[in-house]
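The values are calculated or read from the model by the stated rules, or taken from the named source; none is laboratory data. None of the values given here were measured: they were computed from a predicted structure. Ideal geometry is used to build each Cβ from the backbone, glycine not excepted, and the neighbour counts take in all protein chains shown.
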Amino acid sequence: MRLTKKSDYALRALVTLAARHGRGPVPNRELAEQNDIPKRFLEQIMQELKAKGWVVSVSGRDGGFKLAVQPHDLTMGQVVRLFDGMLAPIACTSTSHYEPCSQENICRFRRVLLEIRNHSTRLMDHATLADLTRIEPVRHEEVFRGFEEGAGI
């Protein structure tokens, strides 16, 4: 599974808003700079989040965006589904975007992909914005621990 830039950027912005929840709006410029998101792309994303009812915009000199929901009421899975459509690695393991495959009855690796879908979906559906604000960032060495360099991961 690979997140699109849109999901990635939306999650960055939403986690920032969740961390600042209850302290007023965050200016769009600040959201873009702090999260290294192109300003124009962020504006599009924020409009989609606003249309979904997850954020509100505040006009004026001290305006910007703030969460319209409680940080514990919005999950990573909901955000990814909004922008990417499905969490399954391939369409023949998706419930929302299922597409039949000619190899379904004999495929040996589909089971592993289904288990990947189930595990990643459970993790993302339980990870709320509030949870994400408390998680420690991954250190560079953690990414490579346990795998030889060039292992294709």
Among the listed residues 31, 49, 3, which satisfies the condition of being part of a helix (DSSP H, G or I) and closer than 20 Å to residue 137 by Cα?
-> 31
Give me the pairs: first residue in the range 106-135 and over 28 Å from residue 14 (Cβ atoms), second residue not acidic (Asp, Glu), beta-carbon distance under 6 Å, and six or more apart or on different chains, which are they?
-> 114/93
Consider residue 138 carefully, then state whether it is more than 24 Å from residue 20 (Cβ to Cβ) and free of Cβ contacts under 8 Å to residues at least 12 places away in the same chain.
-> no
Consider residue 97 carefully, then state whether it is under 30 Å from residue 67 (Cβ atoms) and modelled with pLDDT under 90.
-> yes
How many residues are surrounded by fewer than 11 Cβ atoms within 10 Å (Cβ to Cβ) and acidic (Asp, Glu) when one looks only at the range 91-117?
-> 2
Report the residue count in the range 76-89 for those that are crowded, with 18+ Cβ neighbours inside 10 Å and not charged (D, E, K, R).
-> 8
Is it the case that the range 14-26 has a residue that's among the aliphatic types (A, V, I, L, M), buried (at least 20 other Cβ atoms within 10 Å of the Cβ) and more than 20 Å from residue 134 (Cα to Cα)?
-> no
Say we look at the range 100-138 and pick out the residues that are of a type in the set (Ser, Thr, Tyr) and at pLDDT 95 or above; which of these is farthest from residue 81 (Cα to Cα)?
-> 133
